[in-house]
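Here is the structure we will look at.
The values are calculated or read from the model by the stated rules, or taken from the named source; none is laboratory data. Since this is a predicted model, take the numbers as computed values, not measurements. Cβ placement follows ideal geometry from the backbone for every residue including glycine, while neighbour counts extend to all protein chains displayed. Accessible surface is based on the protein model in full, side chains and every heavy atom, while ligands, DNA and RNA are left aside. Shrake-Rupley method; radii C 1.70, N 1.55, O 1.52, S 1.80 Å.
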Amino acid sequence: SATFPELYRNFKKINKKSFHIRQGYNVNIFKKINKNKTIDFLFVGTKDKKRLKLVKYLNKFFKISCYGHGWKNKPVYSKNLNILFNSTKVILNFNRPGDGFSVRLFQILGSGSFVISEYSKDFKKVFKNKKNLVWYKNLTELKKLCKYYLENKYERDLISQKSINIVRKKFSWQKIILQIKKKSNV
């Protein structure tokens, strides 16, 4: 099995019994908690050239807090990451190359937080744009979405609530393990 579509396709060429399975997230760690939203924008992930360029662009208009390898703020994990997500109005997600997405997206949504993400064609298999999460395809659209959702708490909350319901129902580790067992006849 593989969690990223490209890897799954490569496995399938070698073994016809290979299957694509999503990653899950820990519902006991990533959950909604009552925190004041003191951070406007947050990005969590390793710093690279593409992500640095996006953050520099957005910092011309907004204040982006970044955590992860290479950023001023070191990586944060587990319950501390959940607290950080719950303290943020808008979480940004910048994908790695390819058509999959990181488990961090499920962690963000499972925490009841709102996310604007770089588009991935894999999203359409799981989410609806502006219903479960918001995605963008270019910098102009990203800037416009950041401004709109920063100013519209009601819209953020509405999308976040729909998102938490979907990921809890389909992408907890408990659900994913059941899928793996079923597909592998264990």
Region 77-106 residues that are in contact (Cβ under 8 Å) with a residue 40 or more places away in the chain, paired with ones that are open to solvent by less than 20 Å² (accessible area, probe 1.4 Å) and of a type in the set (Asp, Glu) (beta carbon under 8 Å, 6 or more apart)
Asp99/Asp122; Gly100/Asp122
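In region 63-74, how many are in a loop (DSSP other than H, G, I, E, B), open to solvent by 30 Å² or more (accessible area, probe 1.4 Å) and under 25 Å from Tyr119 (Cβ atoms)?
Kept after step one, since they are in a loop (DSSP other than H, G, I, E, B), are these residues of region 63-74: 63, 68-72, 74.
Next, only the ones that are open to solvent by 30 Å² or more (accessible area, probe 1.4 Å) stay: 63, 69-70, 72, 74.
In the following step, the residues that additionally are under 25 Å from Tyr119 (Cβ atoms) were identified as 63, 69-70.
Selection size over region 63-74: 3.
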Residues in region 19-58 that are among the charged types (D, E, K, R) and touching a Gly at 6+ places or on another chain (Cβ under 8 Å) total 5
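Could you check region 140-159 and list, in sequence order, the residues that are out of contact with any helix residue (DSSP H, G or I) (no Cβ under 6 Å at 6 or more places or on another chain) and either in contact (Cβ under 8 Å) with a residue 60 or more places away in the chain or of a type in the set (Phe, Trp, Tyr) (or both)?
Matches in region 140-159: Leu142, Lys143, Cys146, Lys147, Tyr148, Leu150, Lys153, Tyr154.
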Sort out which residues of region 19-42 are assigned to a loop (DSSP other than H, G, I, E, B) and in contact with a strand residue (DSSP E or B) (Cβ under 6 Å, 6 or more places away or on another chain), and write them in order of number.
Gly24, Val27, Lys37
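Kindly indicate the residue of region 49-62 that is closer than 23 Å to Leu109 by Cβ and free of Cβ contacts under 8 Å to residues at least 60 places away in the same chain and also surrounded by the fewest Cβ atoms within 10 Å (Cβ to Cβ) among those meeting that condition. Can you show your working first?
Taking region 49-62 as the starting set, the residues that turn out to be closer than 23 Å to Leu109 by Cβ are 50-51, 54-55, 58, 62.
Applying the additional criterion that residues be free of Cβ contacts under 8 Å to residues at least 60 places away in the same chain yields 50-51, 55.
On the way: Lys50: 13, Arg51: 21, Val55: 19.
That would be Lys50.
With the condition being open to solvent by 60 Å² or more (accessible area, probe 1.4 Å) and over 24 Å from Tyr57 (Cβ atoms), I'd like the helices (runs of 4 or more DSSP H) fully within region 80-186 carrying at least 3 qualifying residues. Break it down stepwise before answering.
Numbers: elements: 104-110, 139-151, 153-170, 173-184.
In region 80-186, the matching helices (runs of 4 or more DSSP H) lie at 153-170, 173-184.
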In region 15-41, which residues are over 20 Å from the mean Cα position of the chain (by Cα) and among the small types (Gly, Ala, Ser)?
Ser18
